[in-house]
């Protein structure tokens, strides 16, 4: 069967073109910083910006007359291709600058940045050029808002893994993707910008140097986890900084739709949101238990134990990936806990990765219903979530997602083991990249480790896993189905 | 963070235990050496690439020596609880070869398992197994071509003119003291800017020329 383009392909290329133009403009920011600091790397940014702008403008011009609506399949293609294409071009400054990075390393770092994973192959961050550091952080920040828009606009429309529960009323009735979206997106971006600015100021007040404050504001609100220091947050040795970043990570992992509602005066919806309540309650309980463990096993004081436990736990659950210390030294129970929480994830409609809280809530609702039906088979239940019915289709979608997640985790672990990694490194590398967290476990890629040590084949596997997880599996997998490409 | 430094200073002999409560108080010299107060310690049983050493991957000569140093530093800065070093033997120039651990974590094993060091010929069997695992998985230096650190040091000693990028500087001060500094020392940038300072690419070679670490206790 011949492959013929389907409707909406022109829109996809048009949108990609604009994304590249925006990316090229973003490259001018680190260029300016390098110029200001008299660092010669600005040339690499100029070249990268030029190349990216060239392709972007070419795409926009070539398809401006064909940009009409977005069909379902075109929406899938746009979602997946926007990540793949922008990651490739985002890697150009890393590859073209004077950093001695192989093409694999450049792409790994770019993908890790855009998917807000935060695994890094760079050592010597403390002395890295300012433009380079800023580009890493800026990419995470841009990736963060991209994730929010994707999660709030595209994924519900595409009904990915149960996300149809978050479709707005209007999109339920129409087949169009973007009926009321423009205003909504504008508000999202405004809130994102405001929170970033707030964090940067707070970090400065907490004692962080201005350049570091801006970079960490970018990477904390995006729950990305890149730092300007090799030793991550431990390098700052400041409780005030840790507290501000803790707040930043939490803010980044809550549903942004609720922020929009909060800003419009609908505060009760924010505090009544079940995802938010479940998420915060879980974090509080887990932090308290972990802090208790630290007090008992290491004799730490309550305040110190709670901050250490909460910071690192929240960092992993929100899929940020900062470390204030090496928690793999906290004993086997703590290491097991950190492995388990790696995949939980944040709230949907945020920058966080992982399985996501709402999917656990749905599965809990479904399991509870099933349990009751075991001894009351004639009972007809009508479970609801966020005011909408939890249909069989939703449950299947969530179960399929979780199945794919766990299945991918297993396949990746075996693949990484076959490439020579030990079990702890393989299991944690697969988990951390699929869930877009950042650090793994063990001496190689744990919080004190670095992904630079891994061989190129392993890096390719891991960056693919980052994209697979970020695109919530289905968005990428549909492209591999032959029927997707037939008219 | 309160830093209380416990220094159990026995006589300078094998069996001596050097311990600090806050690991980040230790100064990293390179991928297999650190300084705890006045003692310079080389991690027993391993040899990491020298600070100025590069390894070759395809046509990229990457700074594996620096990477090894950064890795060691990261483990130390992010560690909590006592850093404890048990001296195994003393070199003629006063450097103590010791097994250093953060709790149960042997720093030498960490460097070996990350592919950031090679095991010495007389290293314990466990160390050689760690090296073998990293080599099999092609981690760190094992996915590159590199000159064994011992041979690299000798070549560096004979080389005329040091690569400007080596992050180790030595200087004789007005009082006659001769000290070497690495990029992790707060004084490094100031010393590097001093036209009288000399570039070294290996701490061992700096020591052979008579330089010592600032604050190093020279005789017991």
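All of the numbers you see were taken from the coordinates with simple rules; none came from a lab. Keep in mind the model is a prediction, meaning the values are calculated, not measured. Here Cβ is always computed from backbone atoms with ideal geometry, including for glycine, and neighbour counts include all displayed protein chains.
Any chance you could run the full-extension gain for residue B:61 through residue B:158? It's 0.36 nm times the residue separation minus the Cα-Cα distance, nm to one decimal.
That pair, residue B:61 and residue B:158, stretches by 32.9 nm at full extension.
In deg cm²/dmol and to the nearest 500, what is the mean residue ellipticity at 222 nm of the protein assembly as shown if only DSSP H runs of at least 4 residues count, each as -39500 (n - 2.57), divided by the residue total?
Only helices count here, giving -16500 deg cm²/dmol.
Working out 0.36 nm times the residue gap between residue A:372 and residue A:277, then minus their Cα-Cα distance, what length gain in nm do you get to one decimal?
31.7 nm
How far apart, in nanometres, would the label points at residue A:393 and residue B:14 be if each is projected 7 angstrom from Cα along the Cα-to-Cβ direction?
Between residue A:393 and residue B:14, the simple spin-label model gives 7.6 nm.
Work out the mean other chain Cβ neighbour count within 10 Å for the residues of B:74-86 and drop it here as an integer. List each step's numbers first, then the result.
Working: counts 14, 8, 3, 10, 17, 5, 12, 7, 0, 0, 0, 0, 0.
The shielding value for this peptide is 6.
What number in nm² do you get for the range A:176-325 if you take the convex hull of its Cα atoms and divide its surface by four?
Convex hull of Cα atoms, orientation-averaged projection: 10.1 nm².
If each residue of separation counts as 0.36 nm, what is the full-extension length gain between residue A:423 and residue A:379 once their alpha-carbon separation is subtracted? Present the calculation step by step, with values, prior to reporting the outcome.
Working: separation 44, 0.36 × 44 = 15.84 nm, distance 4.63 nm.
Gain in length upon complete extension: 11.2 nm.
Within 10 Å of each Cβ in A:452-461, how many Cβ atoms from other chains are there, averaged over the peptide?
Shielding by partners across A:452-461 averages 5.
Which distance in nm do the two modelled labels at residue A:127 and residue A:65 give, with both placed 7 Å along the Cα-to-Cβ direction?
It is 5.7 nm.
Sorting A:45, A:236 on the 10 Å Cβ count, fewest up front, what's the list?
Ascending Cβ contact count within 10 Å gives the list A:236, A:45.
Can you sort A:344, B:46 by how many other beta carbons sit within 10 Å, fewest first?
Neighbour counts put them in this order, fewest first: A:344, B:46.
Quick one: of the DSSP bridges fully inside the protein assembly as shown, what percent are antiparallel, nearest 5? Please report the intermediate quantities before stating the final value.
On the way: 35 of 39 bridges.
Once the DSSP bridges in the protein assembly as shown are tallied, antiparallel ones form about 90 percent.
Measuring from a point 7 Å past the Cα of residue A:210 along Cα-to-C-beta, which residues in the range A:223-245 have an amide N at less than 20 Å?
A:228-229, A:241
Binning at 5 angstrom from zero up to the longest distance, how are the C-alpha pair distances of the range B:153-208 distributed in percent?
Percent of pairs per bin, in order: 4, 21, 31, 25, 14, 5, 0.
Once you place label points 7 Å from the Cα toward the Cβ at residue A:100 and residue A:464, how far apart are they in nm?
In this crude label model, residue A:100 to residue A:464 measures out at 3.0 nm.
For the range A:71-225, rounded, prolate or oblate, judged on the Cα gyration tensor with a ≥ b ≥ c (square roots of eigenvalues), a/c < 1.5 rounded, else prolate if a/b > b/c?
oblate
Restricting to bridges with both residues inside chain B, how much of the DSSP beta-bridge set is antiparallel, in percent to the nearest 5?
90 percent
To the nearest 0.05, how large is the calculated FRET efficiency for residue B:93 and residue B:190 if R₀ is 35 Å and r is the Cβ-Cβ distance?
0.85
Neighbouring Cβ atoms within 10 Å as the yardstick, rank B:54, B:89, B:213, A:379 fewest first.
Taking fewest neighbouring Cβ atoms as first place, the list is A:379, B:89, B:54, B:213.
Other chains near A:125-136: what is the mean number of their Cβ atoms within 10 Å of each residue's Cβ? Please report the intermediate quantities before stating the final value.
Details: counts 1, 4, 6, 0, 0, 0, 0, 0, 0, 0, 0, 0.
Per residue, the number of nearby Cβ atoms from other chains is 1 on average.
Once a ≥ b ≥ c are taken as the square roots of the eigenvalues of the Cα gyration tensor of chain A, is the result rounded (a/c under 1.5), prolate (a/b larger than b/c) or oblate (a/b not larger than b/c)?
Note, shape of chain A comes out rounded.
Can you work out the PRE-style zone for residue A:340? Point 7 Å along Cα to Cβ, and I want the residues of the range A:393-416 with backbone N under 11 Å.
none
In whole Å, how far is the Cα centre of the range B:47-80 from that of the range A:422-487?
25 Å
Using a/c under 1.5 as the rounded threshold, could you call the range A:231-293 rounded, prolate or oblate? The axes a ≥ b ≥ c are square roots of the C-alpha gyration tensor eigenvalues, and prolate needs a/b larger than b/c, oblate otherwise.
Oblate, since a/c reaches 1.5 and b/c is not below a/b.
For residue A:363, project a label point 7 Å along Cα to C-beta. Then give me every residue of the range A:418-446 with its amide nitrogen under 20 Å of that point.
A:427-438
Please grab the % of Cα pairs in the range B:17-147 that end up more than 24 Å from each other.
That fraction is 24 percent.
Using 1/(1 + (r/R0)^6) with R0 = 51 angstrom and r between the beta carbons of residue B:174 and residue A:51, what's the FRET efficiency to the nearest 0.05?
Plugging the Cβ-Cβ distance into 1/(1 + (r/R0)^6) gives 0.45.
Over all directions, the average projected area of the alpha-carbon convex hull for chain B comes to how many nm²?
Averaged projected hull area, Cα only: 12.7 nm².
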